[in-house]
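Notes follow the structure.
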Ligand code: ATP
């Protein structure tokens, strides 16, 4: 997922280029404007955290661009390609990562990646079945 700051910064084409050059195929893609309800479902694991209200504000500040990526070892390779959660850290430790390219800090980190096959299945179904069917 390219988050609102990634879209506002016009990084979509550059990120898609990196995705394809890194051996991923893009199977599906969709632009969607999330609302508070959707963010609460998507980030349910964080809903009790102190930063959650800010996360909702950030994730609803503009549209997100979601993609289904395919590759052998896709989950680990994508997480490696995006770099650590905190983009400030990414700029130091993973300067070639996507978060180093377009992220700002531990909140505005411009991209997301599913962290397991189970969460990928849940998130793909959330976006491409539940949300897209309205
Ligand atoms: P994502 O799930 O978006 O791929 P992640 O798995 O690297 O990110 P998580 O710990 O799951 O990181 O946090 C989810 C998102 O919540 C982060 O990507 C970031 O946007 C936001 N976030 C995480 N920690 C903080 C924090 N301390 N302050 C503000 N926002 C945060």
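The values are calculated or read from the model by the stated rules, or taken from the named source; none is laboratory data. It should be emphasised that the depicted structure is a prediction, and the values quoted were computed from it without experimental measurement. In this analysis, Cβ positions are derived from the backbone assuming ideal geometry, glycine residues included, and neighbour counts consider all displayed protein chains.
Take segment 15-37 and flag every residue that is out of contact with any helix residue (DSSP H, G or I) (no Cβ under 7 Å at 6 or more places or on another chain) and either within 14 Å of the ligand (Cβ to nearest atom) or more than 18 Å from residue 130 (Cβ to Cβ) (or both). The answer is 16, 17, 19, 20, 21, 23, 25. With the condition kept exactly as written, say whether any residue in segment 64-81 is more than 16 Å from residue 114 (Cβ to Cβ), surrounded by fewer than 17 Cβ atoms within 10 Å (Cβ to Cβ) and more than 14 Å from the ligand (Cβ to nearest atom). No, segment 64-81 has no match at all. Of all residues in segment 85-122, those satisfying the criterion of being within 12 Å of the ligand (Cβ to nearest atom), more than 20 Å from residue 45 (Cα to Cα) and either in contact (Cβ under 8 Å) with a residue 40 or more places away in the chain or touching a strand residue (DSSP E or B) at 6+ places or on another chain (Cβ under 9 Å) (or both) are 98, 99, 103, 104. Name the single residue that is nearest to the chain's Cα centre (by Cα) among those in segment 76-134 being modelled with pLDDT under 95 and not in a helix (DSSP H, G or I). Ranking the candidates gives 132 first. Residues in segment 47-73 that are under 15 Å from the mean Cα position of the chain (by Cα) and farther than 19 Å from residue 17 by Cα: 55, 56, 58, 59, 60, 61, 62, 63.
When you look at residue 55, is it near the ligand (Cβ under 10 Å from one of its atoms), in a helix (DSSP H, G or I) and surrounded by 14 or more Cβ atoms within 10 Å (Cβ to Cβ), yes or no?
Values: near the ligand (Cβ under 10 Å from one of its atoms): yes; in a helix (DSSP H, G or I): yes; surrounded by 14 or more Cβ atoms within 10 Å (Cβ to Cβ): yes.
So residue 55 passes the test.
Looking across segment 46-81, the residues that are free of Cβ contacts under 8 Å to residues at least 40 places away in the same chain, in contact with a helix residue (DSSP H, G or I) (Cβ under 9 Å, 6 or more places away or on another chain) and over 16 Å from residue 4 (Cβ atoms) come down to 46, 47, 49, 52.
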